[in-house]
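For reference, the structure is listed below as structure tokens.
The values are calculated or read from the model by the stated rules, or taken from the named source; none is laboratory data. No experiment lies behind these values; they were computed from the predicted model shown. Please note: Cβ atoms are built from the backbone with ideal geometry, for glycine as well, and neighbour counts cover all protein chains shown. We work out accessible area using only protein heavy atoms, side chains counted, and drop any ligands, DNA or RNA first. Shrake-Rupley method; radii C 1.70, N 1.55, O 1.52, S 1.80 Å.
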Amino acid sequence: MPTRQRTILLVEDTPVIRMALSGYLESQGFAVIEAENGRAAVRALDRHSVDLIVTDVLMPEMDGIELIKAVRTDRPDVKILAMSGGAPGLPAGFLLKMTQMFQADAVLYKPFRNEELAAAVSVLLSEAPID
């Protein structure tokens, strides 16, 4: 019996990063829904069922922390992987510590390798590691 394709909502405001991550995840067999910020992600969640949200933390309109809070309220069972490269003037790791406080399931520091993303996705979706 074939297994259902897993769906990832990728939330990233930088188009080139979003395109690269989306392409990699699709090449690994995932269906990917893209959103450029948290507000667009919330709209996407109204239309689609997802298994995992991979979200940047710093974004315009609605940031990743606000998105995580909204998802935890409306869809507490959806897994969330937060990612951030930090921000000028903030201590290293501050944004991801904040993200963990709002109950992201895992965090990645940018820049990261595809293998690190694959390992985090694999753990969150309880699948065998992706090559």
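Can you tell me how much longer the chain between residue 69 and residue 16 gets when fully stretched, taken as 0.36 nm per residue apart minus their C-alpha distance, in nm with one decimal?
16.5 nm
Quick check on the range 1-87: what does the Kirkwood estimate of hydrodynamic radius come out to from the alpha carbon pairs, in Å? Intermediate values should be presented prior to the final figure.
Values: mean 1/r = 0.0771 Å⁻¹.
Over the range 1-87, the inverse of the mean reciprocal pair distance is 13.0 Å.
Applying 1/(1 + (r/R0)^6) with R0 = 35 Å to the Cβ-Cβ distance of residue 43 and residue 114, what FRET efficiency is obtained, to the nearest 0.05?
Numbers: r = 28 Å, r/R0 = 0.80.
FRET efficiency, residue 43 to residue 114: 0.80.
So what are the ³J(HN,Hα) numbers for the range 43-58, from phi and the Karplus equation (6.51, -1.76, 1.60; θ = phi - 60°), rounded to whole Hz, Gly and Pro as x?
4, 5, 5, 6, 9, 9, 9, 10, 9, 8, 10, 10, 10, 5, 9, 8
Heads up, I need the accessible area for residue 112: 1.4 angstrom probe, whole protein in place, Å², nearest 10.
40
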